[in-house]
Amino acid sequence: MVTEKTCLRRQFLERRQTMPIELWREYSDRICIHLQHCPQFTVARTILAYQSYRQEPDLTPLFTDQEKQWGLPRCLGKELIWHNWQPSEPLVTGAYGILEPVSASPRLEPIDIDLILVPTVAIDRRGYRLGYGGGYYDRLRADRSWRQIPTIGIVFDFAVVDILPIDPWDLKLDAVCTELGLS
């Protein structure tokens, strides 16, 4: 059954993947600059992020900030397992073709984390996110210990809409950052 979310996801992913590389790079760099000036980011010591996949906004410029500890996810079954990671450390290709830390990397727990940068296919003005449909971030944030950590959805501005369909398990993100700024 094709749902409204499935159709929207397909439309936004297609638009994102047809962005010219130069524009993708420019918008990604702007997002990084906005994040670097964001109060939640500047005070955070340990930040969960992601490796860009399928032309998601690229956060690589942020990873050079040596005052921050970075966490990247590894997909294990239906869960995201978070590992401490620094740019000098290797990454491996995971089950979905996404670069992940090696399984021996030190794990991070909710108590360690100050901020989560959430990859987003689309987001609405209320803060509800449309992801890839696997439910990884929904399951993560369903746990109270993860839910209390501030979240910023990372997305290009064309994918910010007035309202998205939501399911009972969907949780709002705290903020969104696009190439136009933070809201």
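The values are calculated or read from the model by the stated rules, or taken from the named source; none is laboratory data. Keep in mind it's a predicted model, so treat the numbers as computed, not measured. Quick reminder, even Gly has a Cβ in these numbers, built from the backbone with ideal geometry, and neighbours come from all protein chains shown. The accessibility values were calculated without ligands, DNA or RNA, using every heavy atom of the protein model including side chains. Shrake-Rupley method; radii C 1.70, N 1.55, O 1.52, S 1.80 Å.
Residues in region 164-183 that are of a type in the set (A, V, I, L, M), open to solvent by 40 Å² or more (accessible area, probe 1.4 Å) and touching a Lys or Arg at 6+ places or on another chain (Cβ under 7 Å): LEU171 only. In region 166-178, the residues that are closer than 10 Å to THR151 by Cα and touching a residue at least 24 places away in the same chain (Cβ under 8 Å) reach residues that are open to solvent by 20 Å² or more (accessible area, probe 1.4 Å) and among the polar types (S, T, N, Q) with C-beta atoms within less than 9 angstrom, at least six apart or across chains, in these pairs: ASP174/GLN40; ALA175/GLN40; ALA175/SER183; VAL176/SER183.
In summary, SER103 fulfils each of the numbered conditions (1) in contact (Cβ under 8 Å) with a residue 40 or more places away in the chain; (2) open to solvent by 60 Å² or more (accessible area, probe 1.4 Å); (3) of a type in the set (Ser, Thr, Tyr) with the single exception of condition (1).
Quick one: which residue in GLY71, GLY181, GLY127, GLY153 is at positive phi and within 14 Å of the chain's Cα centre (by Cα)? If you could, list the steps in order and put the result at the bottom.
Values: GLY71 fails: at positive phi; GLY181 fails: within 14 Å of the chain's Cα centre (by Cα); GLY153 fails: at positive phi.
Within the list GLY71, GLY181, GLY127, GLY153, the selection yields GLY127.
Checked against (1) farther than 16 Å from ILE149 by Cα; (2) of a type outside the set (D, E, K, R); (3) open to solvent by less than 40 Å² (accessible area, probe 1.4 Å), ILE116 meets all criteria but (1). Cβ-Cβ distances below 8 Å connect the following pairs, each with a first residue in region 78-97 that is within 14 Å of SER52 (Cβ to Cβ), a second residue that is open to solvent by less than 40 Å² (accessible area, probe 1.4 Å) and in a loop (DSSP other than H, G, I, E, B), and a separation of six or more residues or different chains: LEU91/GLN51. Step by step: first the residues of region 140-155, then only those that are touching a strand residue (DSSP E or B) at 6+ places or on another chain (Cβ under 6 Å) and in a loop (DSSP other than H, G, I, E, B), then the one that is most open to solvent (accessible area, probe 1.4 Å). Which residue is that? Restricting to residues being touching a strand residue (DSSP E or B) at 6+ places or on another chain (Cβ under 6 Å) and in a loop (DSSP other than H, G, I, E, B), the top hit is PRO150.
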